[in-house]
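Novice: One structure, as structure tokens, below. Some questions next.
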Amino acid sequence: ARCQCKLSAKERKNCGYPGISEAQCKKAGCCFNSSVRGVPWCFSPKAKKVRKICPADPHARRNCGFSGITAKECERKGCCFKARPVGVPWCFYHREVEE
């Protein structure tokens, strides 16, 4: 994403090699900006910001526990817990969404 390439010159971490073209740099998943001399023009993007959410659709749940797991045991594993509806996992993994 474009916002991942908005870094100050001193934050840039080299992601290419001398003479790399903009196309080659971007093909490698890196950012390219040649407007500042003396710093890498091909550089690593910022990490994506993600947050964990518990899926709202009960049928999208991926089991994270075992039959009879308590809410406390489930949450200790870092998972979501919701004791309904019947027939789907009550202890289930988070989904990661980009911000």
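Novice: Name every residue in segment 27-45 that is of a type in the set (A, V, I, L, M) and either assigned to a strand (DSSP E or B) or over 19 Å from the mean Cα position of the chain (by Cα) (or both), in order of residue number.
Specialist: Val36, Val39 - these are the residues of segment 27-45 that are of a type in the set (A, V, I, L, M) and either assigned to a strand (DSSP E or B) or over 19 Å from the mean Cα position of the chain (by Cα) (or both).
Novice: (1) farther than 30 Å from Phe92 by Cβ; (2) touching a His at 6+ places or on another chain (Cβ under 9 Å): which one isn't true of Cys54, the others all being true?
Specialist: (1)
Novice: So, one more: From (1) modelled with pLDDT of 95 or more; (2) open to solvent by 50 Å² or more (accessible area, probe 1.4 Å); (3) not small (Gly, Ala, Ser), pick out the condition that doesn't hold for Cys25.
Specialist: Here Cys25 clears every test but (2).
Every residue, every condition in (1) assigned to a strand (DSSP E or B); (2) among the charged types (D, E, K, R); (3) closer than 30 Å to Cys5 by Cα, yes or no:
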{"residue": "Gly16", "(1), (2), (3)": "no, no, yes"}
{"residue": "Ile20", "(1), (2), (3)": "no, no, yes"}
{"residue": "Cys25", "(1), (2), (3)": "no, no, yes"}
{"residue": "Ala47", "(1), (2), (3)": "no, no, yes"}
{"residue": "Arg51", "(1), (2), (3)": "yes, yes, yes"}
{"residue": "His59", "(1), (2), (3)": "no, no, no"}
{"residue": "Glu75", "(1), (2), (3)": "no, yes, no"}
{"residue": "Val86", "(1), (2), (3)": "no, no, no"}
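Novice: Against the definition (surrounded by fewer than 13 Cβ atoms within 10 Å (Cβ to Cβ) and aromatic (Phe, Trp, Tyr)), how does Phe92 come out, yes or no?
Specialist: no
Novice: Quick one: is Pro85 surrounded by 10 or more Cβ atoms within 10 Å (Cβ to Cβ) and touching a residue at least 24 places away in the same chain (Cβ under 8 Å)?
Specialist: Working: surrounded by 10 or more Cβ atoms within 10 Å (Cβ to Cβ): no; touching a residue at least 24 places away in the same chain (Cβ under 8 Å): yes.
So Pro85 does not fit the description; no.
Novice: What number of residues within segment 47-70 are surrounded by 14 or more Cβ atoms within 10 Å (Cβ to Cβ) and either among the charged types (D, E, K, R) or touching a helix residue (DSSP H, G or I) at 6+ places or on another chain (Cβ under 6 Å) (or both)?
Specialist: Within segment 47-70, residues that are surrounded by 14 or more Cβ atoms within 10 Å (Cβ to Cβ) and either among the charged types (D, E, K, R) or touching a helix residue (DSSP H, G or I) at 6+ places or on another chain (Cβ under 6 Å) (or both) number 2.
Novice: Against the condition out of contact with any helix residue (DSSP H, G or I) (no Cβ under 9 Å at 6 or more places or on another chain), exposed (fewer than 13 other Cβ atoms within 10 Å of the Cβ) and free of Cβ contacts under 8 Å to residues at least 60 places away in the same chain, how does Val36 come out, does it pass?
Specialist: Numbers: out of contact with any helix residue (DSSP H, G or I) (no Cβ under 9 Å at 6 or more places or on another chain): no; exposed (fewer than 13 other Cβ atoms within 10 Å of the Cβ): yes; free of Cβ contacts under 8 Å to residues at least 60 places away in the same chain: yes.
Answer is no for this residue.
The values are calculated or read from the model by the stated rules, or taken from the named source; none is laboratory data. Computed from a prediction, not measured in an experiment: that's the story for all the values here. Cβ atoms come from the backbone with ideal geometry, glycine included; neighbour counts cover every protein chain shown. Areas reflect the complete protein model, heavy atoms only, side chains present, ligands, DNA and RNA absent. Shrake-Rupley method; radii C 1.70, N 1.55, O 1.52, S 1.80 Å.
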